[in-house]
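Asker: First the structure, which I've put down as structure tokens, then a few questions once you've had a look.
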Amino acid sequence: MNDTSGLGDDAQLITLDVNGTSYEVITAPRRTLVDVLRHDLRLTGTHVGCEHGICGACTVLVDGLPSRACLMFAAQAEGARITTVESLADADTGELGDLQRAFSDHHGLQCGFCTPGFLMLAQGFLTERPEASKEEIREVVAANLCRCTGYQTIVEAIDACATARRAQRAAGTEETSCN
Amino acid sequence: MKPAPFRYHRARDVEGATALLAELGDDAKVIAGGQSLVAMMNFRLARPAHLVDIGGLRELDHLGVGADGELRIGALTTHHTVETASPRELGAGFDVIRDAMAWIGHLPIRTRGTVGGSMAHGDATAEWCLLAVLLDAEFVARGPRGQRRIPAREFFFGYYTTALDPDEILVEIVFPRPAPHAALTEFAERRGDFAIVSAAVDLDTDGRTVNSGRVALGGVAAMPVRVPEAEAVLAAGGSFRDCAEAAADAVDPPGDANGSAHYRKHLIRTLVERACEEAMSR
């Protein structure tokens, strides 16, 4: 009765590239990407909120672009590069990435439920628009819901990270912690 | 919620997809970016028995200006690809299309949602549907009986209903002529929400005098509509204010939880005038 796998007669084998690792998953077609990430791959950093694309808690990168993992079936993600919040910290030491540190430094989270989505939204956006102004950042974070912070500190965190990355590039530093 | 079970089919080419749709019949739905369909399936407002995924058909992901100056957009081109297209790709006179993208949902929706998907979904408030009606777009559809072109005026039938046959796939959308003095604007309670009312205009002008123009509205009927009464005001040399007033008088918008008919008419007056001014200032 409590078959949460959703596996019926039409289970299918799919291959997913998540954070650079290739996974083979047997799953039902109706399984969304976020459910496969969380339940099959046990990558529970990506959260599930509204399940209809409004809240953004499930935001991951698909081929580098922020996407709603609840609005995609896992089978549709085959052949794409999926990047989740687990990719941001150092895999060996657990040391936080620069964007995560900026969220911490600027109090860009309170309860933290929405944070993985905001981090991946910002990560994808800043990669495409490293010169983004604070106004553009404000516009982009409207994509996700945060019921705690009031957004000011999230905007400040993302802006601070973007500014630091620009300074780092200007200084010609090869070593980058920007993932 | 979670979607009801279905069978998943991945199309290798357009012909294969349409053959499959013909075979599966009414129980099948095409999925492209899925930004409307998956949400509807998660709510179980849609329960297709089969999904035919055309997302891998790269030949439908293209954007460019043809020899006659028409803009051709492949059905699988995402909103984000259009909003980040270079001036060379998009061609002169299609800025109205690029600028309209900012009104579509939010960035993570625009990176997956497709032009063809939005058109085939046929939401009465969708920006793409409004642009198609305003700019007399043509829809290139392919099915088991071959390819045909459908003008925008004959494409949208009503709420979420289009002229596409169940076994046809939209492959390309053609915008036949540049619209250098055109603009789209809308109002929603929150940025990124579905528009309560949207307005778009396309002016024929030398930058000083308006000779004629087209006016289209979304959110006031079962599909986007052109408003000949408002266009007549422009052709007669009337003011933008009078044009907007004529548009509000001409339509009979629905009233619902998002706004009464009276409120929608108020929005039409404001938005049509605003769109005219934006179009003029381009």
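Asker: Hey, can you tell me all the residues within the range A:106-153 that are in contact (Cβ under 8 Å) with a residue 60 or more places away in the chain and either part of a loop (DSSP other than H, G, I, E, B) or within 10 Å of another protein chain (Cβ to nearest Cβ) (or both)?
Answerer: A:Phe113, A:Cys114, A:Gly117, A:Met120, A:Leu121, A:Gly124, A:Glu128, A:Ala143, A:Asn144, A:Leu145
Asker: Residues of the range B:22-40 being modelled with pLDDT of 95 or more and more than 8 Å from chain A (Cβ to nearest Cβ), which ones?
Answerer: B:Ala22, B:Glu23, B:Leu24, B:Ala28, B:Lys29, B:Val30, B:Ala32, B:Gly33, B:Ser36, B:Leu37, B:Met40
Asker: Evaluate the range A:70-91: report whether one residue or more is part of a loop (DSSP other than H, G, I, E, B), more than 15 Å from the chain's Cα centre (by Cα), touching a residue at least 40 places away in the same chain (Cβ under 8 Å) and buried (at least 16 other Cβ atoms within 10 Å of the Cβ).
Answerer: The answer is yes, given that some residue of the range A:70-91 is part of a loop (DSSP other than H, G, I, E, B), more than 15 Å from the chain's Cα centre (by Cα), touching a residue at least 40 places away in the same chain (Cβ under 8 Å) and buried (at least 16 other Cβ atoms within 10 Å of the Cβ).
Asker: When the range B:42-57 is examined, which residues are found to be within 11 Å of chain A (Cβ to nearest Cβ) and either within 22 Å of the chain's Cα centre (by Cα) or not charged (D, E, K, R) (or both)?
Answerer: Of everything in the range B:42-57, those that are within 11 Å of chain A (Cβ to nearest Cβ) and either within 22 Å of the chain's Cα centre (by Cα) or not charged (D, E, K, R) (or both) turn out to be B:Asn42, B:Phe43, B:Leu45, B:Pro48, B:Ala49, B:His50, B:Leu51, B:Asp53, B:Ile54, B:Gly55, B:Gly56.
Asker: Residues of the range A:73-129 being of a type in the set (Phe, Trp, Tyr) and under 17 Å from A:Val48 (Cα atoms), which ones?
Answerer: A:Phe73, A:Phe113, A:Phe118
Asker: Being at pLDDT 95 or above, touching a Gly at 6+ places or on another chain (Cβ under 9 Å), of a type outside the set (Phe, Trp, Tyr) and not in a loop (DSSP other than H, G, I, E, B) is the filter here; which residues of the range B:246-265 pass it?
Answerer: Result: B:Ala246, B:Ala261, B:His262, B:Arg264.
Asker: I've got another one for you. Can you tell me which residue is farthest from the other protein chains (Cβ to nearest Cβ) among those in the range A:54-69 that are part of a loop (DSSP other than H, G, I, E, B) and surrounded by fewer than 24 Cβ atoms within 10 Å (Cβ to Cβ)?
Answerer: This residue is A:Cys55.
Asker: Something else about it: Could you check B:Glu59 against (1) free of Cβ contacts under 8 Å to residues at least 60 places away in the same chain; (2) of a type in the set (D, E, K, R); (3) closer than 20 Å to A:Leu61 by Cβ and say which number it fails?
Answerer: So the condition that B:Glu59 fails would be (3).
Asker: Still on this structure, please answer the following. Go through the residues of the range B:79-87 one by one and say whether even a single one is more than 22 Å from B:Glu138 (Cα to Cα) and within 14 Å of chain A (Cβ to nearest Cβ).
Answerer: Yes, some residue in the range B:79-87 is more than 22 Å from B:Glu138 (Cα to Cα) and within 14 Å of chain A (Cβ to nearest Cβ).
Asker: Among the residues of the range B:170-222, how many are away from chain A (no Cβ under 14 Å) and closer than 24 Å to B:Leu90 by Cβ?
Answerer: 33
Asker: Can you list the strands (runs of 3 or more DSSP E) found entirely within the range B:128-206 that contain at least 1 residues being surrounded by fewer than 24 Cβ atoms within 10 Å (Cβ to Cβ) and polar (S, T, N, Q)?
Answerer: Counting at least 1 such residues, we get B:146-151, B:182-187, B:197-205.
Asker: Tell me, yes or no, whether the range B:75-91 has at least one residue that is out of contact with any helix residue (DSSP H, G or I) (no Cβ under 6 Å at 6 or more places or on another chain) and touching a residue at least 60 places away in the same chain (Cβ under 8 Å).
Answerer: yes
Asker: Cβ-Cβ below 6 Å, separation at least six or inter-chain, first residue in the range B:97-120 and within 14 Å of chain A (Cβ to nearest Cβ), second modelled with pLDDT under 95: which pairs?
Answerer: From the range B:97-120, the pairs are B:Gly105/B:Gly192; B:His106/B:Gly192.
Asker: Could you identify the single residue in B:Val225, B:Val210 that is within 20 Å of B:Asp123 (Cβ to Cβ) and out of contact with any Cys (no Cβ under 6 Å at 6 or more places or on another chain)?
Answerer: Just one listed residue meets the conditions, B:Val225.
Condition check ((1) of a type in the set (Phe, Trp, Tyr); (2) in contact with a Lys or Arg (Cβ under 7 Å, 6 or more places away or on another chain); (3) more than 20 Å from A:Ala143 (Cα to Cα)) across all residues:
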residue: A:Leu33; (1), (2), (3): no, no, no
residue: A:Leu41; (1), (2), (3): no, no, yes
residue: A:Gly49; (1), (2), (3): no, no, no
residue: A:Ile54; (1), (2), (3): no, no, no
residue: A:Thr59; (1), (2), (3): no, yes, no
residue: A:Asp63; (1), (2), (3): no, yes, no
residue: A:Thr83; (1), (2), (3): no, no, no
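The values are calculated or read from the model by the stated rules, or taken from the named source; none is laboratory data. Note that the coordinates shown come from a computational prediction; the quantities given were computed from them, not determined experimentally. A quick note on method: Cβ atoms are made from the backbone with ideal geometry, for glycine too, and the neighbour counts reach across all protein chains shown.
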